[in-house]
1. Treat every Asp and Glu Cβ in region 54-93 as -1 and every Lys and Arg Cβ as +1, leave all other atoms uncharged, and give the resulting dipole magnitude about the Cα centre to the nearest 20 debye.
2. How compact is region 113-197 by the rule of thumb for globular proteins, expressed as Cα Rg over 2.2 N^0.38 Å?
3. Rounded, prolate or oblate: pick one for region 1-100, where a ≥ b ≥ c are the square roots of the eigenvalues of its C-alpha gyration tensor, a/c under 1.5 means rounded, and failing that, prolate if a/b is larger than b/c, else oblate.
4. Given a Förster distance of 22 angstrom, what is the FRET efficiency for Arg201 paired with Ala137, based on the Cβ-Cβ distance and rounded to 0.05?
5. In deg cm²/dmol, rounded to 500, what helix-only [θ] at 222 nm does the chain give when every DSSP H run of at least 4 residues adds -39500 (n - 2.57) and the total is split over its residues?
6. Specify the inter-centroid distance of region 5-36 and region 77-153, based on alpha-carbon positions, in whole Å.
7. If I ignore ligands, DNA and RNA and count only protein heavy atoms, how much of Asp135 is accessible to a 1.4 Å probe, in Å² to the nearest 10?
8. With contacts defined as alpha carbon pairs under 8 Å and 6 or more residues apart, what's the relative contact order of the chain in percent?
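The values are calculated or read from the model by the stated rules, or taken from the named source; none is laboratory data. Every value quoted in this text rests on a predicted model; they were computed, and no experiment measured them. Note that we place each Cβ from the backbone using ideal geometry, even for glycine, and neighbour counts take in every protein chain shown. Quick note on the areas: whole protein, heavy atoms, side chains included, nothing else; ligands and nucleic acids left out. Shrake-Rupley method; radii C 1.70, N 1.55, O 1.52, S 1.80 Å.
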Amino acid sequence: RLATSLAEYADRAGPWPGLPPLEPFPITIILTRSEARFDSLTRRRLPGWAGAVAFPRANTIVLRIDGDPIPILRHELAHLMLARVAPRVPLWFAEGYAARAAGEWGGLDALTVNWELARGRVPTFAQLDRELRSDPASARAAYALAMTAVLYLERLGGSRGLGPLIGHLADAPDFETAVRRTYLASLETVEAQWRRDLRRRYGWLLPGTSFRVFWGLVGLVV
């Protein structure tokens, strides 16, 4: 029953941000409740904290059931859909797009980003790629930051969102060329603009929250 309900959800899961209408294609979803079975199916190539993976070339998703599988399935479906149009994108964009498509942004992500900024950590795109496959704490922060990068690119697209960028990704030789054609700026420039936007948009939240918590504790003690 679970497999059937997830398959039915996959059939109606769209639309996907910035993607054109896609022709239907077959997808295989493999479910398991066993961590050992999941490791066997993925050949132990994933970090120990991973619970799902998409294989775009095989149009296959392997999903370990642990809690509500729907948000995780939508995240992995987004990987397959993006790969149909743009198979060659950096890891940070792929994961940030999947998180954006799955609607994963929440208050905890904002606090995570603020904590990273408070620590003086504003990573580059290349650093995000490495941290997305790192330890659980680093990966969690990297996912949140990758999502802010994709949300920033979506805002740059105005009313068309990610559509112009994904349209260029379909025929550009690489990601940087697609970025240059879309935003008329180099990837390095866009990265610098995102990092400035990150500080401006999220940098004030953690000090404000800490201030309220501090005086709340003072009041409680008094």
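1. Computed charge dipole of region 54-93: roughly 240 debye.
2. Numbers: Rg = 13.5 Å, N = 85, 2.2 N^0.38 = 11.9 Å.
This ratio for region 113-197 stands at 1.14.
3. Because a/c hits 1.5 or more and a/b fails to exceed b/c, region 1-100 counts as oblate.
4. Working: r = 22 Å, r/R0 = 1.02.
According to the calculation, E is roughly 0.45.
5. Working: 11 runs with 133 residues, N = 222.
Helix contribution divided over all residues of the chain: -18500 deg cm²/dmol.
6. One Cα centre to the other: 21 Å.
7. Taking all protein chains as shown, Asp135 has close to 70 Å².
8. Relative contact order of the chain: 19 percent.
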